[in-house]
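Read the structure below first, then the notes.
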Amino acid sequence: MESAIGARRSTGGRPRIGKPNPIDVHVGSRVRLRRTLLGMSQEKLGEAIGLTFQQVQKYERGANRIGASRLFDLSRVLDVPVSFFFDDMAGDTPNDVVDEALSPDMGFDADPMAKRETLELVRAYYRISDPAVRKRLFELTKAVANSGVESVADVA
């Protein structure tokens, strides 16, 4: 006779194809985003929550799931609410998230906010101590972006 547990249908968890659950990938990418914005290494984050940097890497890739207590620890160390890790999650249902995350067009770096270049630019911008200079640079950047001028790389 089949047990009640064995008769239960799978309603979540990892896809059977061996890929990480897209929700775990999203949460991990948000951990990476915040850690990088803070200029914190995987090693430092791991030390702060009692893990090795390899374990942090697995969390950030979504290869390992982050439990509730660990997510709470991460929110404390990274100084964000737990909800931060679920912000910007696409789709209304887990299946929408699964479909989008497994799409070949949607890589981890598809989000410009997850790119190292963007994060370094933001950190450099906030190192400008004079608020007036920062504002002028911001306005200049917006003007160049809205001008429709080809980039230097396109002209060369």
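The values are calculated or read from the model by the stated rules, or taken from the named source; none is laboratory data. What you see is a predicted model; the values in this text were computed from it and never measured. For neighbour counting, all protein chains shown are included, and Cβ atoms are generated from backbone atoms with ideal geometry for every residue, glycine included. Ligands, DNA and RNA are excluded from the accessible area calculation, which covers all protein heavy atoms including side chains. Shrake-Rupley method; radii C 1.70, N 1.55, O 1.52, S 1.80 Å.
How about the range 114-136: which of its residues are among the hydrophobic types (A, V, I, L, M, F, W, C) and at pLDDT 90 or above?
Of all residues in the range 114-136, those among the hydrophobic types (A, V, I, L, M, F, W, C) come to 114, 119, 121-122, 124, 128, 132-133.
Correct list: 132, 133.
Would you confirm whether or not the range 88-101 contains a residue that is modelled with pLDDT of 80 or more and loosely packed, with under 15 Cβ neighbours inside 10 Å? Show your work before the answer.
Looking only at the range 88-101, we keep the residues that are modelled with pLDDT of 80 or more, and these are 88-89.
So of that shortlist, the ones also loosely packed, with under 15 Cβ neighbours inside 10 Å come out as 88.
Yes - at least one qualifying residue is present in the range 88-101.
Starting from residues that are modelled with pLDDT under 75 and part of a helix (DSSP H, G or I), keep the ones in the range 137-156 and report whichever is most open to solvent (accessible area, probe 1.4 Å).
My answer is 152.
Just name the residue that is nearest to the chain's Cα centre (by Cα) out of those in the range 13-41 that are open to solvent by 40 Å² or more (accessible area, probe 1.4 Å) and within 15 Å of residue 116 (Cα to Cα).
The residue in question is 32.
So that you can scan it fast, the table gives a plain yes or no per residue for (1) part of a helix (DSSP H, G or I); (2) at pLDDT 90 or above; (3) hydroxyl-bearing (Ser, Thr, Tyr):
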position	(1), (2), (3)
16	no, no, no
44	yes, yes, no
48	yes, yes, no
56	yes, yes, no
63	no, yes, no
